[in-house]
Amino acid sequence: MIAGGKIVIPAELRRELDIKDGDSLVIERDDQGNLVLKTYAQVVREVQAAFRAMVGPYEGSLVDELIAERRREAAMEDEQEEALRAKIGKRR
């Protein structure tokens, strides 16, 4: 460890682990008290896998769902506009 609490990772190990300058790293302690070094990308993948395990696999297309939802909203807006026009037309 050097001044400021920085840890030096040997170049050979950085190459082996594909750690690049500027990569964000996470240091965790495992159940046995060992330090575990992970890249930010590894942590993100682990969290994504944990969420997938909790909610299960997604089947379908989010794009198709979004389009269908937007079409329903547009249809409702059209109905509201027609109702408003009909209401205004009755007043005349």
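Descriptive notes on the structure:
- Failed item in (1) out of contact with any helix residue (DSSP H, G or I) (no Cβ under 6 Å at 6 or more places or on another chain); (2) in contact (Cβ under 8 Å) with a residue 12 or more places away in the chain, with A86 passing the rest: (2)
- Residues in the range 28-87 that are open to solvent by 100 Å² or more (accessible area, probe 1.4 Å), aliphatic (A, V, I, L, M) and outside any helix (DSSP H, G or I): L35 alone.
- Scope the range 2-27; condition open to solvent by less than 80 Å² (accessible area, probe 1.4 Å) and among the charged types (D, E, K, R); matching residues: D23
- Test result for D23, under 30 Å from M1 (Cα atoms), touching a Ser or Thr at 6+ places or on another chain (Cβ under 9 Å) and not in a helix (DSSP H, G or I): yes
The values are calculated or read from the model by the stated rules, or taken from the named source; none is laboratory data. What you see is a predicted model; the values in this text were computed from it and never measured. No Cβ is skipped: glycine too gets one built from the backbone with ideal geometry, and neighbour counts run over all protein chains shown. Areas reflect the complete protein model, heavy atoms only, side chains present, ligands, DNA and RNA absent. Shrake-Rupley method; radii C 1.70, N 1.55, O 1.52, S 1.80 Å.
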